[in-house]
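Enquirer: Before I ask anything, let me first share the structure, which is written out below as C-alpha cells.
The values are calculated or read from the model by the stated rules, or taken from the named source; none is laboratory data. Remember, it's a predicted structure, so these values are computed and weren't measured experimentally. Cβ placement follows ideal geometry from the backbone for every residue including glycine, while neighbour counts extend to all protein chains displayed. Heads up: the accessible areas ignore ligands, DNA and RNA and are worked out on the full protein's heavy atoms, side chains in. Shrake-Rupley method; radii C 1.70, N 1.55, O 1.52, S 1.80 Å.
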Amino acid sequence: MHWKQKVRILEQHDDFDVAIFYLGQVIKEHPDDVDAYIFMLFRLMDTIVEHACHFANVSKTPVSDIKKKYYDSREDEYEVLAKKYFREGYAKFSENADFLFYVGLTAVMSEWYFNIDVPDYERMLDKARMLDPDNLIYNYSYYRDLDQTTESNKTEIIAYAKMILDENAPIRKVLADKGAVGEYWLEMRTTWSKRLLGIPIS
C-alpha cells in the first residue's frame, strides 16, 4: 500500500497525530518526495487551525472534548514542526510549481505558522502559475477574477465552473493524488462553482 493511502486511512480515523508521525518517517525515507512535504505541511496546518472545529462538528463524539484538549496541548510542537518542514521544503522545492502552489494554498489558512507573511505566499502562488501557466488548478484565481469583471467573460467562467463540478474531469484525478489539500481546494472551488451556476449549496 502506498504511503498516501496509509495517510488517508489515518486521517479518516481522526488519527492526525499518527499521520504527522508517519509523514515524518516518509520524509526521512524519501527526502526528495515533494508530495511528502505537501502532505506534511497541510496536515500540520489543518491540525493546528481546524482541530477544534473538526471535533465540534465533523467528528463529534462523547470524547471529542478530550481529543480537542489533546490537540490544543500539541499546538506549540506542531508550530515548530510546521516551520521546520516549511523551511526544509522551500529550500528543496522553491522551483517546483506543485510545492509552491499547494503549500502556498495551505499557508493562506494562517501563514505565520510557516513563519512567512501574506506577500510571501502570494509570491509562491504567482510563481507556481508562472512556472505552469496552463495548469487549471493553479489558475483558479484567474477565473475568479474574471467573474468580477464583465459579462463578456461569462462563457469562459461558466465552462470552468462546470469543469470543477464534473466528477470525470481530469483535474479530479490530480487533486485526489494530493490528498487532503486536494480535497480542500476542491471543496472551496465547488462552493464557488455552485454559487456561480445557481446550484443550491448543501
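Enquirer: Can Thr61 be described as assigned to a helix (DSSP H, G or I) and of a type in the set (S, T, N, Q)?
Expert: In short, no.
Enquirer: Do we find that Thr155 is without any contact (Cβ under 8 Å) to a residue 12 or more places away in the chain and part of a helix (DSSP H, G or I) in this structure? Give the derivation first.
Expert: On the way: without any contact (Cβ under 8 Å) to a residue 12 or more places away in the chain: yes; part of a helix (DSSP H, G or I): yes.
In short, yes.
Enquirer: If you don't mind, another one. For the subset of region 9-55 comprising residues that are farther than 21 Å from Glu88 by Cβ and charged (D, E, K, R), which member is surrounded by the fewest Cβ atoms within 10 Å (Cβ to Cβ)?
Expert: Asp15
Enquirer: Here's a follow-up. Give region 106-117 a look and list any residue that's part of a helix (DSSP H, G or I) and either without any contact (Cβ under 8 Å) to a residue 12 or more places away in the chain or open to solvent by 10 Å² or more (accessible area, probe 1.4 Å) (or both), or say none. First the steps, then the outcome.
Expert: To start, the set of residues in region 106-117 that are part of a helix (DSSP H, G or I) comprises 106-107, 111-114.
Selection gives Glu111, Trp112, Tyr113.
Quick grid of which residues meet (1) open to solvent by less than 30 Å² (accessible area, probe 1.4 Å); (2) basic (Lys, Arg); (3) in a helix (DSSP H, G or I):
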{"site": "Asp126", "(1), (2), (3)": "no, no, yes"}
{"site": "Gly182", "(1), (2), (3)": "yes, no, yes"}
{"site": "Ser193", "(1), (2), (3)": "yes, no, yes"}
{"site": "Ser202", "(1), (2), (3)": "no, no, no"}
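Enquirer: To continue, here is another question. How about region 119-137: which of its residues are out of contact with any helix residue (DSSP H, G or I) (no Cβ under 9 Å at 6 or more places or on another chain) and at pLDDT 95 or above?
Expert: Correct list: Pro119 only.
Enquirer: Let me ask something else about it. From the list Tyr102, Tyr85, Tyr71, exactly one residue is surrounded by fewer than 21 Cβ atoms within 10 Å (Cβ to Cβ), touching a residue at least 12 places away in the same chain (Cβ under 8 Å) and of a type in the set (Ser, Thr, Tyr). Which is it?
Expert: From the options Tyr102, Tyr85, Tyr71, the qualifying one is Tyr71.
Enquirer: Can you name every residue in region 32-55 that is over 24 Å from Ile66 (Cβ atoms) and either acidic (Asp, Glu) or touching a residue at least 60 places away in the same chain (Cβ under 8 Å) (or both)?
Expert: Listed by number, the residues that qualify are Asp32, Asp33, Val34, Asp35, Tyr37, Ile38, Phe39, Leu41, Phe42.
Conditions tested, residue by residue: (1) modelled with pLDDT under 95; (2) not charged (D, E, K, R).
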{"residue": "Thr61", "(1), (2)": "yes, yes"}
{"residue": "Glu77", "(1), (2)": "no, no"}
{"residue": "Lys84", "(1), (2)": "no, no"}
{"residue": "Arg87", "(1), (2)": "no, no"}
{"residue": "Ser94", "(1), (2)": "no, yes"}
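Enquirer: Still on this structure, I have one more. Kindly list the number of the only condition in (1) surrounded by 13 or more Cβ atoms within 10 Å (Cβ to Cβ); (2) modelled with pLDDT of 95 or more that fails for Lys154.
Expert: Lys154 satisfies every listed condition except (2).
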